[in-house]
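The values are calculated or read from the model by the stated rules, or taken from the named source; none is laboratory data. The structure displayed is predicted, hence computed values, not measured ones. Don't worry about glycine lacking a Cβ; one is built from the backbone with ideal geometry, like all the others, and counts go over all protein chains shown. Only protein heavy atoms, including side chains, enter the accessible area calculation; ligands, DNA and RNA are left aside. Shrake-Rupley method; radii C 1.70, N 1.55, O 1.52, S 1.80 Å.
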Amino acid sequence: MKFTKMHGLGNDYVYVNTFEEAVADPRALAVALSRPHFGVGSDGLVLIGPSDDADFAMRMFNADGSEGEMCGNAARCIGKYVHDRGLTRKTRLTLATGSGVRTLALELRAGSVDRVTLDLGAPTLNPAEIPVDLPGERVQAHPLPIQGHTWPITCVGMGNPHAVTFVDDPQAIDVAGVGTQIERHPLFPNRTNVEFVRVAGPDRLEMRVWERGSGETLACGTGAAASLVAAVLEGRCARNATVALAGGELQVAWDATDGHVYQTGPATFVFDGTWLGD
């Protein structure tokens, strides 16, 4: 099976073009491919395929084999893949995901895609829709006791669930220890991604992320979007900001007119390979 390794700010996935390749068991394949040392090594598996509702379709599977609804970094990389591999000449594409159809605007440099702006749609704030097992119309700065400390969480749906907590220094946080407990807390029936965010200025956030099903990653596109939304809701940040992650920076804006969140960042090809299986 032929595959391509790509990353968005170090958030790396193995991409398979299902126009050409058949994948019988993507969950098991995601686990096998993602293993460092024994597999390719990645944060998961992404399948690129046809769609009746959009130009292309995406399915993404985390490193533990669970299927995710949406991934911002993967969506941007798909934009680069389908353009640079000649599957389309369009520079504005629609992409069907597990959370609906999203739009990609491709920026070219020397004929290939350099950066991509992704329209993530409007954030979901209703806890029943995220989902979060709490009453009311919004979960904002809700106190969650973990490891002897209370973490105020603001919950945002960006096609997938996020719990954002603001901290003085993300580098001082036990992301694995705290993140896994929040991810699997009974409040989150589908588990959740967790963002630890520092407000570095009115238009700059610094973030570490614990991704549901993959652990700590170098970047999370939907997490960056959720962090901006949470910061705006709590009056901590402007609606347009730079989000700095371990793997680099994303530009994120929550548009006051249409209510959509837009994210601009790179998409990078790493290598092509052939998977022979076990």
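Structure notes:
- Coarse-grained scattering of region 133-278 at q = 0.16, 0.19, 0.21 Å⁻¹, given as base-10 log I(q)/I(0) from a Debye sum over alpha-carbon atoms: -0.82, -1.11, -1.34
- Residues of the chain were split at every exposed loop site, defined as chymotrypsin sites (Phe, Trp or Tyr not before Pro) in a DSSP loop with at most 12 other C-beta atoms within 10 angstrom, and the longest piece left, sites excluded, is 39-278.
- For region 1-142, the fraction of C-alpha pairs farther apart than 20 angstrom is 50 percent.
- Sparse-neighbour loop sites [GluC sites (Glu not before Pro); region 76-168; at most 15 other C-beta within 10 Å; DSSP]: GLU129, GLU137
- Percent carbon-and-sulfur accessible area, the chain, ignoring ligands, DNA and RNA, probe 1.4 Å: 48 percent
- Value of Rg to Rh for region 165-251, rounded to two decimals, is 0.95; Kirkwood radius and Rg both from alpha-carbon coordinates.
- Rounded tilt (10° steps) of 221-233 against the dominant C-alpha axis of the chain: 30 degrees
- The ALA28 and ALA172 beta-carbon pair, evaluated with R₀ = 45 Å, returns a calculated FRET efficiency of approximately 0.75.
- Secondary structure note: in the chain, about 85% of the DSSP beta bridges are antiparallel.
- Cα-based reach from LYS90 at 23 Å (exclusive), listing lysines while leaving out same-chain residues under 8 positions away: LYS5, LYS80
- Across all directions, the average projected area of the convex hull around the alpha carbons of region 206-278 is 6.9 nm².
- Altogether, the Stokes-Einstein calculation at 4 °C and 1.567 mPa s, with the Kirkwood radius of the chain over Cα pairs as Rh, returns a diffusion coefficient of 69 µm²/s.
- Inter-part distance, region 109-139 to region 220-278, computed on C-alpha centroids, equals 9 Å.
- Expected 222 nm ellipticity per residue - DSSP helices of 4 or more, -39500 (n - 2.57), all of the chain, to 500: -5000 deg cm²/dmol
- The aspartates and glutamates within cross-link reach of LYS2, meaning a Cα-to-Cα straight distance under 17 Å and a gap of 8 or more places when in the same chain, are ASP12, GLU20, GLU21, ASP25, ASP84, ASP272, ASP278.
- Expressed as a fraction of 2.2 N^0.38 Å, the C-alpha radius of gyration for region 92-131 is 1.55.
- Under a Gaussian network description of the chain, with springs only between Cα atoms under 10 Å, the residue in PRO161, PRO127, PRO50 that fluctuates furthest is PRO50.
- Top positive-direction residue, dipole computed over the chain with Cβ charges, set ASN17, PHE166, VAL113: VAL113
- Antiparallel content of DSSP bridges confined to region 1-97, in %, to 5: 70 percent
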